[in-house]
Structures are given as structure tokens and as C-alpha cells.
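To keep things clear, I will list the structure first and then write my remarks on it.
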Amino acid sequence: MSESAKLSFKGQEYEFPVITGTENESAIDIAKLRGASGLITLDPGFKNTGSTTSAITFLDGEEGILRYRGYKIEDLAEKSSFLEVAYLLIYGELPSQAEYENFSKEITHHTLVHEDIKKILEGFPSNAHPMGVLSSLICSLTAFYPDSLNPNRSEEEVNMSIIRLLAKMPTFAAWAYKNEVGHPVNYPDNSLDYCSNFLKMMFALPAEKYDVDPVVSAALDKLLILHADHEQNCSTSTVRVVGSSQASIYASISAGINALWGPLHGGANQSVIEMLEAIKADGGDAKKYLDKAKDKNDPFRLMGFGHRVYKNFDPRARIIKKAADDVLTKLGVNDPVLDIAKELEHAALNDQYFIDRKLYPNVDFYSGIIYRALGIPTDMFTVMFALGRLPGWIAQWKEMRENGEPIGRPRQIYVGANERDYVSMNKR
Ligand code: MLT
């Protein structure tokens with residue numbers, strides 16, 4: 001017997017089906033609500049509204065659970081690799097040895113980008129934020145691969161676009177950084193693994209030998225896994241809505257990058273370090289700022305604490321915290337900003353004020369610390385988030401297309417002026 005929910009309004013009763021997913025989450029299917037009752041629902045920020053059904057990622061905010069295609073994030077972060085996780089998210093199953101080797105080889109083979117893209121890059125001033133450069137370069141792929149403009153091409157052609165995105169995103173990300181520091185770009189080194197190749201493109205300098213630190217590369221691979229997908233967050237919902245108009249996958253991903261840029265979303269890790277640097281510049285008194293955070297009359301808010309979905313703890317933060325401790329120890333990092341971070345973290349985990357308000361350190365708090373320790377500049381942190389989230393965006397775009405989902409077009413409740421006659425105020 002399928003469940004249902006009843007609504008009574010103005011003396012009429014309406015019944016709607018309730019669907020239940022594989023993790024016993026239930027939703028009222030209101031597809032026929034407006035036709036039956038003339039009513040719509042209103043839910044700014046969609047906090048109580050499901051936009052789709054999805055088989056990709058499951059999270060439980062109360063229990064601190066995060067799984068990709070049913071696999072626990074703890075297991076994947078410890079035992080898998082970013083490319084294996086990308087394959088899992090996009091194609092639905094873990095790859096066989098042969099599938100993984102082919103996937104990895106395809107990506108390696110497509111890391112190079114059209115030489116004309118350097119001309120687009122050179123058009124950006126050095127103060128251009130790397131996120132704006134990244135979204136532009138990704139969107140420019142529509143020009144270099146015009147067949148991608150039709151998202152309904154063969155599975156092989158769509159898959160080629162997916163491989164190109166995964167392969168060229170690290171190149172574009174590193175080039176965006178090189179543009180910012182005024183250094184010549186580095187071409188991919190296809191003898192290296194995904195993360196090592198990215199680090200070398202980021203930090204290698206002409207006439208200097210650059211050896212990738214395996215500790216840094218391994219930490220980065222883990223960070224990318226932890227950021228790979230997260231249900232229908234702001235940027236993923238953006239990718240799905242843009243893709244629902246049948247815009248190309250490159251245009252959809254470019255839109256997702258721009259949505260991630262905001263400080264309330266992917267920009268939070270950049271804001272964490274900017275907050276820590278401001279505290280350091282003001283004398284480094286962490287307790288002063290903890291007191292300010294408690295003062296309801298003080299506009300100061302702690303960045304990197306709490307989460308809109310996880311009510312008790314962010315499972316990714318627990319994993320990243322350990323990775324941060326390992327990396328800082330192995331690299332022997334001694335940074336007063338990170339010392340301030342440790343003081344804030346200790347308070348958030350032990351001070352009843354923060355415990356009561358679930359203001360625990362989240363994934364952005366620790367990822368900002370690690371990226372800084374890895375030598376990645378602050379305004380590249382959100383680019384790193386985008387690098388990690390790319391396979392999730394791709395998987396969600398692919399699922400939306402394969403499910404033949406309709407164009408995303410929400411309704412509204414109008415609260416403006418009622419009909420009125422036009423009388424011009426301008427004597428022409
Ligand atoms: C994410 O991973 O996308 C962020 O935690 C934000 C979110 O899920 O809303």
C-alpha cells in the first residue's frame with residue numbers, strides 16, 4: 001500500500017502520493033497540487049523541497065552520514081583515489097582494473113588544451129579572481145568543441161566531453177593561478193598522476209627542477225575525494241537547472257563554478273583564512289574573537305563553523321582534521337595563522353556556547369588550513385573545491401539528462417502592484 005498525504009483547504013480535501021527512497025526518506029509528490037487545488041508551495045532556499053530523486057549521494061545531517069553510491073565517505077577517503085571515486089560517481093559502480101586504467105589513460109591523454117586558450121587567458125588582468133578565469137575557460141570549451149553544444153549527442157560523444165572536463169580542469173585551474181602571479185604557464189606532465197600533475201603545473205618554475213611531495217599529493221587526493229559530491233547543494237542544483245534547459249555540459253559546469261564562488265558556498269574556505277589573517281593582524285587574540293562571536297550585538301561571525309545540513313558534525317571535517325594534523329606534522333609547518341585556527345578549534349569543540357549551537361569546525365575550516373599548509377594561495381581555495389566537486393557535478397548533470405528531467409522553472413507568489421492605468425509622469 002503506497003502512502004499518501006492529505007491537505008484540506010477552503011473546505012476541500014486533497015490527497016497526494018508520498019514517495020519513499022531507499023534510505024526511508026519520504027516526500028509528498030506535489031506534481032498535481034496546482035492543477036487540483038490552485039495552490040503552489042513556497043519554500044525560499046528550498047530547505048524543505050526536493051528537486052529530484054537521485055541515486056548518486058546520500059547524506060544524513062543528523063547522523064553525520066555521507067555516502068557516494070552507497071560507499072561510506074570514510075572508506076573512500078581512506079582506501080580509494082580521486083579518479084576511482086570520480087568513476088564511481090559518474091558511472092555508478094567502482095571500475096574494474098581495466099576500466100580504471102582506461103579511464104585514467106583517457107584523462108591523461110586529454111590534459112593538454114588548445115594553444116588558443118592561452119590567448120583568452122592572456123586577456124585577463126593579473127588581479128582577475130581565479131574562479132572567474134576558471135569558469136570562463138571551461139565555458140570556452142564550447143567554442144573549441146562545438147559539437148558539445150548539443151547535449152543529446154551519442155553516449156560516446158557525451159563521454160568524450162566528460163573526459164575532457166576531468167582532464168582539462170586541473171590545467172585551467174593551474175593556469176588561472178599562473179595568470180594571477182604573472183608566471184608562464186606549465187604544460188601537463190603526463191608521466192604524473194592526477195594530483196601530482198596539477199601540483200607541478202601550479203608550482204613548477206622555469207629553469208628550476210620541481211619534485212612533487214608525495215605527502216602533499218596524497219593529502220590533495222583525499223581532499224578532492226571529500227569534496228566530490230554533496231547531494232543538491234547550491235552549485236549542483238545550478239548545474240542541474242542550467243543543464244535542464246539543454247545547455248551544453250560545459251556551460252552547465254561553468255555555471256556551477258560561478259555558483260560555488262559565493263562565500264556562503266564554496267568561498268567559505270577562503271573566508272576562513274581571511275578571518276584568521278584578520279585576527280592575526282589584530283594581535284592574534286583568539287579569545288577576543290571567540291567573545292565577539294558570542295556577543296549578539298557584535299557583527300563578527302566565525303567562518304568555518306557549523307553547517308546548514310549537518311546538525312551534529314560534518315563527517316568530512318573529521319577526516320580532514322586528521323589529514324590536516326598529519327600534513328602539518330609531516331611538513332613541519334609553523335604558521336601563527338594556523339596556531340590561531342587551533343585555538344578556535346579547541347574552543348569550538350569544548351566551549352558549551354559553541355557546542356550548544358552546533359558550531360563545530362566544518363569541512364571549510366580544515367580544508368582552508370590544509371590548502372594554506374600545502375602552499376596553495378587563499379583565493380585558489382575555492383578553485384580547489386571546484387576541482388573536487390567536478391565529478392559530482394558531472395554525475396548529477398548526466399543523471400538529470402538520462403532521466404529526461406523537465407526544464408527547471410519554479411513558480412512564485414506575486415506581491416507587487418495590482419493592475420493600474422498608465423499615466424506618464426513625463427511631459428514629452
Ligand atoms: C557542499 O559540500 O556543497 C557544502 O557543504 C554545501 C552544502 O552541501 O550545502
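Using C-alpha pairs under 8 Å with a sequence gap of at least 6, the mean separation divided by the residue count of the chain gives a relative contact order of 19 percent.
Sequentially through the stretch 173-183, phi angles give Karplus couplings (6.51, -1.76, 1.60; θ = phi - 60°) of 4, 5, 5, 4, 5, 4, 5, 5, 8, x, 9 Hz, Gly and Pro residues having no value and appearing as x. Give me the percent relative contact order of the stretch 289-404, please, defined on Cα pairs under 8 angstrom at least 6 residues apart. Relative contact order for the stretch 289-404 comes out at 30 percent.
Taking a point 7 Å out from the Cα of LYS358 in the direction of its Cβ, the residues of the stretch 231-248 whose backbone N falls within less than 18 Å of it are 231-234.
Taking a ≥ b ≥ c as the square roots of the Cα gyration tensor eigenvalues, with a/c under 1.5 meaning rounded and otherwise prolate when a/b beats b/c, else oblate, which class fits the stretch 245-368? Prolate, because a/c is 1.5 or more and a/b exceeds b/c. Rounded to the nearest 500, the helix-only mean residue ellipticity at 222 nm of the chain stands at -16000 deg cm²/dmol, with each DSSP H run of n ≥ 4 adding -39,500 (n - 2.57). Remark on ILE65: its backbone amide H falls under 5 Å from those of ASP60, a criterion applied only to residues 5 or more positions apart or on other chains, H modelled at 1.01 Å from N. Tell me, what is the percent relative contact order of the stretch 203-348, built from C-alpha pairs under 8 Å that lie six or more residues apart? Here the relative contact order equals 22 percent. Put simply, the amide H of THR57, placed in the peptide plane, has neighbours under 5 Å in ARG69, GLU231, leaving out anything fewer than 5 places away on its chain. Using the Cβ of PRO130 as centre and a radius below 13 Å, the other residues enclosed give a net charge of -1, where K and R count +1 and D and E count -1.
For the stretch 133-146, 3J(HN,Hα) computed residue by residue from phi via the Karplus equation (6.51, -1.76, 1.60; θ = phi - 60°) reads 5, 4, 5, 5, 5, 5, 5, 5, 4, 4, 7, 7, 10, x Hz, glycine and proline entered as x. Taking a sphere under 13 Å around the Cβ of TYR177 and counting the other residues whose Cβ falls inside, with K and R at +1 and D and E at -1, yields a net charge of 0. So if R0 is 51 Å, what FRET efficiency would ALA128 and GLU15 give, r being the distance between their Cβ atoms, rounded to the nearest 0.05? Efficiency computed from Cβ-Cβ geometry: 0.40. Taking amide H positions as modeled 1.01 Å from N, with prolines and chain starts lacking one, the residues under 5 Å from VAL18 and 5 or more places away or on another chain are GLU3, SER4, ALA5, ASP29.
When both the stretch 186-252 and the stretch 320-399 are represented by their alpha-carbon centers, they are found 17 Å apart.
Here the 3J(HN,Hα) profile of the stretch 55-65, calculated from phi with Karplus coefficients 6.51, -1.76 and 1.60 at θ = phi - 60°, is 10, 8, 10, 10, 10, 10, x, 6, 8, x, 9 Hz, Gly and Pro shown as x. Taking one quarter of the surface of the convex hull spanned by the alpha-carbon atoms of the chain gives a direction-averaged projected area of 29.1 nm². Each Lys or Arg adds one and each Asp or Glu takes one away; over the other residues whose Cβ falls under 13 Å from the Cβ of GLU3, this sums to -2.
Any read-out appearing in this document is the output of simple, stated calculations on the displayed coordinates, not a laboratory observation. Everything numeric here is computed off the predicted structure, so don't read it as measured data. Positions of Cβ are generated from backbone atoms using ideal geometry, with glycine treated the same way; all protein chains shown enter the neighbour counts.
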